[in-house]
Structures are given as structure tokens and as C-alpha cells.
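**Q** Below: one structure in C-alpha cells.
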Amino acid sequence: MTTDTPVRHDGLDGADELHLLREMLRIRRFEERCVELYSATSIRGFMHLYIGEEAVAVGAMASLRPDDAVVSTYREHGHALARGVPAGDIMAEMYGKVEGCSRGRGGSMHLFDVGRRFYGGNAIVGGGLPIAVGLALADRLRGRDRVTACFFGDGAVAEGEFHESVNLAALWSLPVVFFCENNLYAMGTALARSESQTDLAAKAASYAVDASSVDGMDVLACRDAAARAVARARAGDGPAFVEFRTYRFRAHSMYDPELYRAKDEVDLWKTRDPIDALARRLTDAGRLTTEERERMEAEVEAEVDGAVAFAEAGTLEPVEDLARFVYLRSPS
Ligand SMILES: Cc1ncc(C[n+]2csc(CCOP(=O)(O)OP(=O)(O)O)c2C)c(N)n1
């Protein structure tokens, strides 16, 4: 069944909400610095920013345990940071340094951290969904009560991998949660131009999974919807699909002239900035003072400075290591 998840706003419980605010700020400031570094050519290659969508990663990640698995897309800096991958490891990866979380071999689109059960960073649209189903199947076979969270965009819902993955997950009642970040566009293609059914939760529900839609600009709503989906999956009640209605404030990637959407539309969504919205709510509730906000900003800024310093001080891979991990060494 498709349901609209009820939003609970009774949960303004001080420390928790400040943590959500700080996590969203970390993502925002990290990526803003990435833009500067990209312009300065310290970061090269492709780069897709998450700015505007922070509430989804932060809200959804809040209900996951460290032994759960997370699978993401090429727009994954926010997921990696919210998952606990150190900012320095991510920044060094963006720089292509050996100290990066993927040893400098993946770059922006292929952040990976097995220790934190963060399985990408996948450049192929829809490519993460079968990986997530495989991880969830492995947990099921081994009798673990772990959940796999799979993040993907609205564009992936038009891919065959979405249909095969959701179908199998439902058929086998696997503990996987499908977190769809519907930011209305797949690169330059509006949803209605590529999908006959634009109600994505209805589409998922046709595979008999629990499906819901939620305001992706409201971190508390995201947290509540994800908590419900994760709890179901962990209890053995099968997969869930959550559509987060969100928006990216920046272009698709650093190379996109953005000819497919009106500036007015972007400006309207910016008035719903998830960071401002939570900060306002906390301030109104008397839980956030100007001094606390400034302190938080300064701490986040210092973390980003540290990440950049770590990346700058890192080393590029030596030429003699280029074929390492590419060919299997035959046992001697
Ligand atoms: C299988 C595949 N087809 C096409 C592409 C090219 N491509 C890169 S991003 C993108 C749009 C994906 O949009 P969406 O899934 O909505 O994610 P968003 O970028 O909006 O977060 C496309 C078509 C690709 N990377 N992989």
C-alpha cells in the first residue's frame, strides 16, 4: 500500500535535533569548500553536489546501526559524512590521494569504506540496488538482524535494476530499505518526461513492498519515515520503499549549464532550505542560541579546514603501484 507517512513534530528533544543540525551543516560546508577547491583545480574529474538534500542523508542515517550496510550513488558525499566516514578521508579521496577512503582511485563518485559498511559511491545509475539486495540476502542467509539502506535518485526508478531489485527483495522478504531521493530531475530530464507513473511510491507498491512518501526538506520527517522503514525491515517484515521529496540547489554536476529548469523554481525551493528550517524551529523552541549556532559553525569550519589540510598533505599514488589491485598476483 502507498501511504503518506505521518509527520511527528513532537520529537524536538534537544541534543538529538542539535546533532541533526550539525550533521547537515557538516555536509553543506564540506561541499561548499569542494566547490572552491574544484574551481582551483585541486579537485578534478566529475563532482555532483548534495547541497539542498542534506535532510535526507542525515534523517535516514539516524536510525541505522554501525553494522547495517549503506549503498549510495555518485551524489554520495553527504551519505558518507553522515555515515561517519571521516571528512579527511573523503577530502583526500576527492584529491586522488592514497590516504583517501578509496585509496585515491575512486574520486568523488566512488567513496567506499568497508569498515563502516559503506559500499559506495556507484557511478552507474541504479547500480547500487542489486548490490543492496545481495548484501541483504547475505545477512538473511547468515541469520543476522542487519538492515541494508540503499540510496538512489528518481532516475534509477526508470531502470530495469530498480524493478528486478525491488521485486526480488519483496519476493524473498529481504531486510533492505530503498531510499529514493526524488529531486525531480535525472540530470536534465524532468521526472514526467521519462516516467509514465510519476507517483514513485505507487510504482514501488506494485511490487508489494511497504511504500511511503515524505517531505525530504524536513529532517525530522525524514528521520521518522526512515525509522519506521528500518524497524520493519529489522523485525523481518520485509523491504520498504521511502520516497523523499527533495531538491538539489546546485546544478546536476560541475559541468551542467542548467538549461532545463527555471531560476524561480530553484529560488522557491531554496526558501525551504532544510538547515534554515531546523535552525529556525530550534531557535523558536528556545533550544538554539546565536552563540551556540556560531560555535557549531566554527567547529564545522575547523573540521573542513582539517580535512583540506589532510588532503593537501597526502601523497599521489606512486607510478609503480598503478597496476596494484587490477591484476591478481598468482600464488608463488
Ligand atoms: C546506467 C546509466 N545510464 C546513464 C547514466 C548517465 N547519468 C548520470 S547521472 C544521470 C541522472 C540520474 O538521475 P537520478 O537518478 O535522479 O539522480 P540525481 O542525479 O538526481 O541525484 C544519468 C542519466 C549513468 N551514469 N548510468
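**Q** Go through A169, A136 for me and flag whichever is closer than 21 Å to S213 by Cβ and away from the ligand (no atom under 14 Å from the Cβ).
**A** On the way: A136 fails: closer than 21 Å to S213 by Cβ.
The match here is A169.
**Q** Just the residues that are more than 14 Å from the chain's Cα centre (by Cα) and open to solvent by 30 Å² or more (accessible area, probe 1.4 Å), please, taken from region 96-116.
**A** Selection gives V98, E99, C101, R103, R105, V114, G115, R116.
**Q** All but one of (1) touching a Phe, Trp or Tyr at 6+ places or on another chain (Cβ under 6 Å); (2) within 16 Å of the ligand (Cβ to nearest atom); (3) in a helix (DSSP H, G or I) hold for C150, so report the exception by its number.
**A** Condition not satisfied by C150: (3).
**Q** From G127, G96, G107, grab the single residue that is on the phi < 0 side of the Ramachandran plot and at pLDDT 95 or above. Walk me through it before giving the result.
**A** Working: G96 fails: on the phi < 0 side of the Ramachandran plot; G107 fails: on the phi < 0 side of the Ramachandran plot.
Just a single option satisfies the conditions, and that option is G127.
**Q** Residue under question is V266, and the condition is that it be open to solvent by less than 60 Å² (accessible area, probe 1.4 Å), without any contact (Cβ under 8 Å) to a residue 60 or more places away in the chain and within 24 Å of the chain's Cα centre (by Cα); does it hold? Give the derivation first.
**A** Details: open to solvent by less than 60 Å² (accessible area, probe 1.4 Å): yes; without any contact (Cβ under 8 Å) to a residue 60 or more places away in the chain: yes; within 24 Å of the chain's Cα centre (by Cα): yes.
Yes.
**Q** If you check D237, D199, D224, D215, which single one turns out to be within 16 Å of the chain's Cα centre (by Cα) and open to solvent by 10 Å² or more (accessible area, probe 1.4 Å)? Steps first, answer last, please.
**A** Details: D237 fails: within 16 Å of the chain's Cα centre (by Cα); D199 fails: within 16 Å of the chain's Cα centre (by Cα); D224 fails: within 16 Å of the chain's Cα centre (by Cα).
Result of the check over D237, D199, D224, D215: D215.
**Q** Here's something else I'd like to know. Return the residue satisfying two criteria in turn: it lies in region 173-193 and is more than 9 Å from the ligand (Cβ to nearest atom) and of a type in the set (G, A, S), and of such residues it is surrounded by the most Cβ atoms within 10 Å (Cβ to Cβ).
**A** Only one residue tops the list, namely S173.
**Q** Write out, first by first residue and then by second, each pair whose Cβ atoms fall under 8 Å of each other, whose residues are 6+ apart or on separate chains, and whose first residue, in region 99-128, is without any contact (Cβ under 8 Å) to a residue 12 or more places away in the chain and closer than 28 Å to V319 by Cα while the second is within 16 Å of the ligand (Cβ to nearest atom) and assigned to a loop (DSSP other than H, G, I, E, B).
**A** Listed by first residue and then by second, the contacts come to F112/G106; F112/G120; F112/G121.
**Q** Related question: What's the total number of residues in region 63-74 that are among the small types (G, A, S), open to solvent by 10 Å² or more (accessible area, probe 1.4 Å) and at pLDDT 95 or above?
**A** Taking region 63-74 as the starting set, the residues that turn out to be among the small types (G, A, S) are 63, 69, 72.
Filter once more, keeping what is open to solvent by 10 Å² or more (accessible area, probe 1.4 Å): 63.
Restricting the remaining residues to those that are at pLDDT 95 or above gives none.
Residues in region 63-74 being among the small types (G, A, S), open to solvent by 10 Å² or more (accessible area, probe 1.4 Å) and at pLDDT 95 or above: 0 in total.
**Q** Right, another one. Please pick out the residue among A92, A170, A158, A82 that is under 14 Å from the mean Cα position of the chain (by Cα) and either surrounded by fewer than 20 Cβ atoms within 10 Å (Cβ to Cβ) or small (G, A, S) (or both). Walk me through how you get there before you give the answer.
**A** Values: A92 fails: under 14 Å from the mean Cα position of the chain (by Cα); A170 fails: under 14 Å from the mean Cα position of the chain (by Cα); A158 fails: under 14 Å from the mean Cα position of the chain (by Cα).
Only one candidate qualifies: A82.
The values are calculated or read from the model by the stated rules, or taken from the named source; none is laboratory data. Since we're looking at a predicted model, the values are computed, not measured. Note: ideal-geometry Cβ built from the backbone for every residue, glycine included; neighbour counts use all protein chains shown. Keep in mind that these areas ignore ligands, DNA and RNA; they rest on the heavy atoms of the full protein, side chains included. Shrake-Rupley method; radii C 1.70, N 1.55, O 1.52, S 1.80 Å.
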